[in-house]
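The values are calculated or read from the model by the stated rules, or taken from the named source; none is laboratory data. This is a predicted model, so every value here is computed, not measured. No Cβ is skipped: glycine too gets one built from the backbone with ideal geometry, and neighbour counts run over all protein chains shown. SASA here: full protein model, heavy atoms, side chains in, ligands and nucleic acids out. Shrake-Rupley method; radii C 1.70, N 1.55, O 1.52, S 1.80 Å.
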Amino acid sequence: MTLTDRTPPTMTFNDHLQHLVERALASIPAADAGDIYAVSFLIDNEDDDSRQPTVTIGYNTETQARRSIQDVSDQAEARWNYAFWIQNELTVVGDLTSDPAGATARQEWITELGHWYAEPTDLANGDSVIGPLAAQIEARSVACAARRYRL
(Lines give C-alpha, C1' and ligand atoms only; values in the text may rest on other atoms or scores of the structure.)
Protein backbone atom coordinates (compact mmCIF):
# COMPACT_ATOMS: atom_id res chain seq x y z
CA MET A 1 0.00 0.00 0.00
CA THR A 2 1.32 3.46 -0.87
CA LEU A 3 -0.28 6.58 0.49
CA THR A 4 -0.98 9.38 -1.93
CA ASP A 5 0.11 12.81 -0.89
CA ARG A 6 -2.22 15.68 -0.17
CA THR A 7 0.38 17.78 1.62
CA PRO A 8 -0.11 21.55 1.30
CA PRO A 9 2.56 22.98 -1.04
CA THR A 10 3.88 25.36 1.63
CA MET A 11 5.17 22.58 3.88
CA THR A 12 8.90 22.20 4.40
CA PHE A 13 10.52 18.84 3.75
CA ASN A 14 10.71 18.18 7.50
CA ASP A 15 7.00 18.91 7.89
CA HIS A 16 6.21 16.83 4.82
CA LEU A 17 8.19 13.89 6.20
CA GLN A 18 6.38 14.12 9.53
CA HIS A 19 2.98 14.39 7.83
CA LEU A 20 3.48 11.30 5.66
CA VAL A 21 5.07 9.24 8.43
CA GLU A 22 2.15 9.97 10.76
CA ARG A 23 -0.31 8.98 8.02
CA ALA A 24 1.67 5.83 7.27
CA LEU A 25 1.77 4.73 10.89
CA ALA A 26 -1.94 5.45 11.29
CA SER A 27 -2.63 3.20 8.29
CA ILE A 28 -1.20 0.07 9.93
CA PRO A 29 -3.93 -2.56 10.13
CA ALA A 30 -5.15 -3.17 13.67
CA ALA A 31 -4.49 -6.91 13.19
CA ASP A 32 -0.76 -6.18 12.73
CA ALA A 33 -0.33 -3.39 15.29
CA GLY A 34 0.07 -5.62 18.34
CA ASP A 35 2.51 -7.93 16.53
CA ILE A 36 4.93 -5.21 15.33
CA TYR A 37 8.34 -5.16 16.99
CA ALA A 38 10.13 -2.73 14.66
CA VAL A 39 9.31 0.14 12.32
CA SER A 40 11.80 0.81 9.53
CA PHE A 41 12.90 4.07 7.99
CA LEU A 42 14.83 2.81 4.95
CA ILE A 43 16.78 5.67 3.40
CA ASP A 44 17.80 5.06 -0.20
CA ASN A 45 18.71 7.20 -3.19
CA GLU A 46 16.27 7.19 -6.07
CA ASP A 47 18.06 6.34 -9.34
CA ASP A 48 21.33 6.11 -7.35
CA ASP A 49 21.32 9.92 -7.20
CA SER A 50 22.49 11.24 -3.84
CA ARG A 51 20.39 14.38 -4.41
CA GLN A 52 17.25 12.22 -4.31
CA PRO A 53 17.12 10.44 -0.94
CA THR A 54 13.83 8.73 -0.19
CA VAL A 55 12.53 7.39 3.11
CA THR A 56 10.52 4.18 2.90
CA ILE A 57 8.41 3.49 5.98
CA GLY A 58 7.60 -0.13 6.81
CA TYR A 59 7.51 -2.52 9.72
CA ASN A 60 8.08 -6.11 10.71
CA THR A 61 6.11 -8.44 12.94
CA GLU A 62 6.90 -11.25 15.33
CA THR A 63 4.90 -13.55 13.04
CA GLN A 64 7.12 -12.71 10.06
CA ALA A 65 10.28 -13.21 12.15
CA ARG A 66 9.05 -16.66 13.18
CA ARG A 67 8.31 -17.54 9.52
CA SER A 68 11.79 -16.42 8.46
CA ILE A 69 13.69 -18.56 10.97
CA GLN A 70 13.67 -21.55 8.61
CA ASP A 71 15.50 -19.48 5.94
CA VAL A 72 18.27 -18.00 8.09
CA SER A 73 21.18 -19.03 10.28
CA ASP A 74 19.79 -17.73 13.58
CA GLN A 75 16.93 -15.87 15.23
CA ALA A 76 18.72 -12.52 15.22
CA GLU A 77 19.07 -12.65 11.44
CA ALA A 78 15.37 -13.49 11.05
CA ARG A 79 14.44 -10.47 13.20
CA TRP A 80 16.92 -7.83 12.02
CA ASN A 81 18.06 -8.63 8.48
CA TYR A 82 15.81 -6.41 6.36
CA ALA A 83 15.90 -8.96 3.51
CA PHE A 84 13.66 -11.23 5.61
CA TRP A 85 11.17 -8.55 6.60
CA ILE A 86 7.64 -8.21 5.21
CA GLN A 87 8.85 -5.63 2.62
CA ASN A 88 5.78 -3.49 3.06
CA GLU A 89 5.90 0.10 1.90
CA LEU A 90 3.49 2.19 3.90
CA THR A 91 4.82 5.25 2.10
CA VAL A 92 7.93 6.37 0.25
CA VAL A 93 8.66 9.98 1.14
CA GLY A 94 10.31 11.98 -1.64
CA ASP A 95 9.68 9.47 -4.43
CA LEU A 96 9.47 11.30 -7.76
CA THR A 97 6.49 9.22 -8.93
CA SER A 98 4.42 8.52 -5.82
CA ASP A 99 5.31 11.67 -3.86
CA PRO A 100 6.10 14.50 -6.29
CA ALA A 101 5.32 17.17 -3.65
CA GLY A 102 7.85 15.51 -1.36
CA ALA A 103 10.42 15.34 -4.15
CA THR A 104 10.01 19.07 -4.74
CA ALA A 105 10.23 19.84 -1.00
CA ARG A 106 13.32 17.61 -0.75
CA GLN A 107 15.09 19.50 -3.55
CA GLU A 108 14.23 22.85 -1.94
CA TRP A 109 15.52 21.56 1.42
CA ILE A 110 18.81 20.30 -0.05
CA THR A 111 19.23 23.58 -1.93
CA GLU A 112 18.59 25.60 1.26
CA LEU A 113 21.23 23.50 3.02
CA GLY A 114 23.68 24.48 0.27
CA HIS A 115 24.25 20.87 -0.80
CA TRP A 116 22.49 20.82 -4.20
CA TYR A 117 24.89 20.39 -7.11
CA ALA A 118 24.74 20.18 -10.89
CA GLU A 119 26.05 17.09 -12.63
CA PRO A 120 29.76 17.69 -13.26
CA THR A 121 30.82 17.86 -16.89
CA ASP A 122 34.29 16.54 -16.04
CA LEU A 123 33.73 13.04 -14.67
CA ALA A 124 37.38 12.78 -13.58
CA ASN A 125 36.78 15.53 -11.01
CA GLY A 126 33.20 14.51 -10.28
CA ASP A 127 33.99 12.43 -7.20
CA SER A 128 35.86 15.26 -5.53
CA VAL A 129 32.85 17.55 -6.03
CA ILE A 130 29.99 15.11 -5.55
CA GLY A 131 31.48 12.94 -2.80
CA PRO A 132 31.51 15.51 0.01
CA LEU A 133 28.11 16.93 -0.94
CA ALA A 134 26.58 13.45 -1.24
CA ALA A 135 27.92 12.57 2.21
CA GLN A 136 26.37 15.76 3.65
CA ILE A 137 23.01 15.03 2.02
CA GLU A 138 23.03 11.48 3.38
CA ALA A 139 24.00 12.63 6.87
CA ARG A 140 21.31 15.33 6.92
CA SER A 141 18.66 12.89 5.61
CA VAL A 142 19.43 10.38 8.35
CA ALA A 143 19.54 13.12 10.98
CA CYS A 144 16.20 14.49 9.78
CA ALA A 145 14.44 11.14 10.22
CA ALA A 146 16.29 10.30 13.44
CA ARG A 147 15.60 13.66 15.07
CA ARG A 148 11.91 13.51 14.30
CA TYR A 149 11.42 9.95 15.48
CA ARG A 150 14.29 9.39 17.94
CA LEU A 151 15.79 6.53 15.94
| said: Tell me the per residue accessible area of segment 38-151 using a 1.4 Å probe; a whole number in Å² is fine. | reply: 56 Å²
| note | Over the chain, the sum of -39500 (n - 2.57) across DSSP H runs of at least four, divided by residue number and rounded to 500 deg cm²/dmol, gives at 222 nm -15000 deg cm²/dmol
| field | Computed Rg/Rh of segment 33-120, alpha carbon atoms with Kirkwood Rh | value | 1.12
| note | Quick shape check on segment 12-70: root eigenvalues a ≥ b ≥ c of the Cα gyration tensor, a/c under 1.5 is rounded, otherwise prolate if a/b tops b/c, else oblate, and it reads oblate
| Which percent of the accessible area of the chain is formed by carbon and sulfur heavy atoms (probe 1.4 angstrom)? | 51 percent
| note | Phi angles of segment 71-83, converted by Karplus (6.51 cos²θ - 1.76 cosθ + 1.60, θ = phi - 60°) into ³J(HN,Hα) in whole Hz with x for Gly and Pro, give 9, 10, 7, 7, 4, 4, 5, 4, 7, 10, 7, 4, 4
| request: Please list 99-106, 19-26 highest first by mean number of surrounding beta-carbon atoms within 10 Å per residue. | output: 99-106, 19-26
| Can you list residues whose amide H is under 5 Å from residue 54's amide H, if they're 5+ apart or on another chain and H is modeled 1.01 Å from N? | 44, 45, 46
| How do the peptides 86-92, 65-71 rank, highest first, by the average count of neighbouring beta carbon atoms within 10 Å per residue? | 86-92, 65-71
| field | Kirkwood Rh, Cα atoms: Rg over Rh of segment 71-151 | value | 1.09
| query | Roughly what percent of Cα-Cα pairs across the chain reach past 20 Å? | reply | 54 percent
| Quick one: which of 48-61, 107-120 comes out on top by average Cβ neighbours within 10 Å, and what's the full order, highest first? | 48-61, 107-120
